[in-house]
Amino acid sequence: MQIDYDRAKKEGDRAYRRAVMSGQYPYLPALDSMVQNIDKLPVRELGIKEIPLDMIAGTKTVGRQNAFACNFMPLVDRASEFAMKWASLYDSASEEGIRDPIKVYEYMNKFYVEEGNKRVSVSKLIGSVSIPARVIRILPPKTDEPSSKIYYEYIDFYNVTGLFQITFSKLGSYKKLAEHFGQDLEKVWPDELVEDLRSAFTIFTNCYKSSHAVRQGLTVGDAFLLYLEVFELESLLYDSENLIRNKIQKLRNEYIARTSEDSIELVRSPEEMGRGSGVKTLFKITNAYSGKPIRAAFLFDRSAEESSWVYGHELGANELVEKFDGAVEALKYENCDSPEKLEEAFGACSADENDIVFATSPAMMEECLKAAIKYSDMRIMNCSVNQSLNSVPTYYARMYEAKFLMGCLAASLAENHMIGYRADYPIYGGIANINAFALGAAWFDPYARIKLVWASKKGSDWEKELIESGCRIISGIDFIKPSDPSRKYGLYRIHEAGSLRADGSVRAQQEVDNLAAPVYQWGAYYEQIIRKLIDGSLDTRKADARGKAVNYWWGMAAGVIDIILSDDLPYASRKALTTLRRTVMTNAVNPFEGEIHTQTGILKGAGSPALTDKEIITMDWLCDNVIGEIPETWELYDSIVKTVKVSGVKNKS
């Protein structure tokens, strides 16, 4: 009917005026004029498919481009033949639907119409969700640009699911979605799962778009994936729409954090947190002494006997109890190495009304988020850095400061200029440790070379590799397990069997001299966090008002990192390290300031400002005096893959 065309034209005129006033192109974009030499790109026929209307972005050619506003509503005068045909098509579509498929070209996640612009226009006015189309895919050149990598991951996802509508803004999201369902991007998914996923995404899209959680810069797919991390697919298939919208609203702060221009707030010292009033706080210390201790829970993925990392945190928990002399109680949950065990531990923490929960592994982050949403009164912190979760603050230490000092010492003692470095996980912050060590070594010896090996790499015999490379000064594991009698930790020197001692005697077996060690002072870290809870300046239950994810990243000046020097070190070495320690603590010396050379030849010039905190944390390069490389995730032992997927620098590229 003509009245329907008039209604559509009013919407078109309105969209045209808005576009002109905001400086945007008011007509439909034409793909041919957007992409240079598009006719020379390879194409793939996908056949007749049902495609989402909201993914149709414009026309293929400039032919009918100006007949429609940018929202696909008509602009042509109501007395024209065009208007009569549009109105007739609307009447037919209202009664019978659109049966003849349109012809579209798909390019970079968007569809461009070659035949059927009126059918798209009518369908949009009617309120249809999809339309049948003959789809031809145009394949852009593969490049290293993030958009190109994401698009080709999208194609892999389409090949195994046949789904167009789920799009992401970050590389790795399709792989993460597949892993969530126990699938991959190589084998075709079961039909039942694909249909459930299609239905769930459609329901989520409707609920998300009608909620107050919608954020610019976040695709519906991004929001959908975060929802699945917390609430699972079944909630979308069986819950009411009101309940789904309520759940989406609970994630609003997380959506804000994901789209903030600078989503992570790094707090570099306890002093930056300020001081609370200390008046009538929940944790007022006098209440603790009156019979109600502060209950701090610690979640470990292994036992202290198995893991030096866990052992260090357990010592910190014990020191915390001793420091407060009964005012703080530490509850420990070991072997929380699966989602089920973590869920059980968080449930126990809630039932026990623990005041704060410290999850000591980055791999626990996903379950931390679930618990933070489920138990809104629970204070949860995760031991990691560079995590953009508004509901779960993180805490970590700037170990690179101590590693810089270890590099200085190592170079002063390595007679052959070769120094070994045993690394564990290629995660955020870990690469900075390696580079700081290498830069420190270069300070004392411009010819020093750092042989880098990874203990987490499959088939690694890291010590043998270092010794065969001529390394006798080695930076090993920072902390040893209580059951490990080895002295091979921190910075140490290896004397091989058959070598001569200073007195001229011959060593019958390999001997080790401990030289120094960088140490995490987790007890000091936990003490300061608890004191901030007591004085009211820290309450992890309160979302950051700016939508930030708060990451506490403290260093030597805060007392959470330090170095231990051997009594057997030469006096000059001890004096030099002690002096350098003071300069690092006061930031008079910054390892990442000034000229820096990398393995690829990129460098910062002399006099350049220091790298930013973000640049330090997210390093994915190595200094030019490092011999070695950063491993890919598939090269690592399965037991650490989850941690690397959460915090790995390679996994994020």
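The values are calculated or read from the model by the stated rules, or taken from the named source; none is laboratory data. These numbers were taken from a predicted model, which means no experiment stands behind them. Here Cβ is always computed from backbone atoms with ideal geometry, including for glycine, and neighbour counts include all displayed protein chains.
What to note about this one:
- There is no residue in segment 253-260 that is surrounded by fewer than 21 Cβ atoms within 10 Å (Cβ to Cβ), closer than 17 Å to Ser173 by Cβ, out of contact with any strand residue (DSSP E or B) (no Cβ under 7 Å at 6 or more places or on another chain) and not hydroxyl-bearing (Ser, Thr, Tyr).
- Segment 25-51, residues that are part of a loop (DSSP other than H, G, I, E, B) and either more than 18 Å from Asn71 (Cα to Cα) or not assigned by TED's automatic domain parsing to the domain that holds Tyr105 (or both): Val35, Gln36, Asn37, Leu41, Pro42
- Among the candidates Ser505, Ser456, Ser475, Ser486, residue that is under 17 Å from Tyr311 (Cα atoms) and either at pLDDT 90 or above or hydroxyl-bearing (Ser, Thr, Tyr) (or both): Ser486
- Residue under evaluation Ile256, criteria (1) among the aliphatic types (A, V, I, L, M); (2) outside any helix (DSSP H, G or I); (3) within 18 Å of the chain's Cα centre (by Cα), criterion not met: (2)
- Of all the listed residues (Lys542, Lys548, Lys532, Lys575), the sole one being modelled with pLDDT under 95 and within 19 Å of Leu320 (Cα to Cα) is Lys532.
- Residue that is in contact (Cβ under 8 Å) with a residue 40 or more places away in the chain, part of a helix (DSSP H, G or I), assigned by TED's automatic domain parsing to the domain that holds Leu413 and not hydrophobic (A, V, I, L, M, F, W, C), where the choices are Thr643, Thr583, Thr579: Thr643
- Matching residues in segment 547-576 - criterion: being of a type outside the set (A, V, I, L, M), free of Cβ contacts under 8 Å to residues at least 60 places away in the same chain and part of a helix (DSSP H, G or I): Tyr571, Arg574, Lys575
- Of all positions in segment 186-194, none carries a residue that is in a loop (DSSP other than H, G, I, E, B) and within 21 Å of the chain's Cα centre (by Cα).
- When segment 74-88 is filtered for residues that are surrounded by fewer than 17 Cβ atoms within 10 Å (Cβ to Cβ) and modelled with pLDDT of 90 or more, the ones remaining, listed by number, are Asp77, Ser80, Glu81, Met84, Lys85, Ser88.
- Of all residues in segment 310-347, those satisfying the criterion of being within 26 Å of Val519 (Cα to Cα) and of a type in the set (Phe, Trp, Tyr) are Tyr311, Phe324, Tyr333.
- Selection of first residues in segment 210-233 that are over 21 Å from Asn109 (Cα atoms) and assigned by TED's automatic domain parsing to the domain that holds Phe168 and of second residues that are of a type outside the set (Ser, Thr, Tyr) and at pLDDT below 90, restricted to Cβ pairs under 6 Å at least 6 apart or on distinct chains, gives the following pairs, ordered by first then second residue: Ala213/Arg252.
- Checking Phe181 against (1) outside the structural domain of Lys60 (by TED's automatic domain parsing); (2) aromatic (Phe, Trp, Tyr); (3) in contact with a strand residue (DSSP E or B) (Cβ under 9 Å, 6 or more places away or on another chain), the condition it does not meet: (3)
- Filter pass, Ile248 being at pLDDT below 90 and assigned to a helix (DSSP H, G or I): no
- Among the residues of segment 22-56, those that are touching a Ser or Thr at 6+ places or on another chain (Cβ under 8 Å) and either free of Cβ contacts under 8 Å to residues at least 40 places away in the same chain or among the charged types (D, E, K, R) (or both) comprise Asp32, Glu50.
- Counted residues, segment 340-398 - those being touching a residue at least 40 places away in the same chain (Cβ under 8 Å) and not in a helix (DSSP H, G or I): 32
- Close contacts from segment 438-449, counting a first residue that is polar (S, T, N, Q) and a second that is surrounded by 22 or more Cβ atoms within 10 Å (Cβ to Cβ) and modelled with pLDDT of 95 or more, with Cβ to Cβ under 6 Å and a gap of 6+ residues or different chains, come to none at all.
Quick grid of which residues meet (1) over 30 Å from Ala67 (Cβ atoms); (2) without any contact (Cβ under 8 Å) to a residue 60 or more places away in the chain; (3) among the aliphatic types (A, V, I, L, M); (4) buried (at least 17 other Cβ atoms within 10 Å of the Cβ):
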| residue | (1), (2), (3), (4) |
| --- | --- |
| Tyr107 | no, no, no, yes |
| Val113 | no, yes, yes, yes |
| Arg119 | no, yes, no, yes |
| Ile126 | no, yes, yes, no |
| Ile138 | no, no, yes, yes |
| Thr143 | yes, yes, no, no |
| Pro146 | yes, yes, no, no |
| Tyr151 | no, yes, no, yes |
| Val160 | yes, yes, yes, yes |
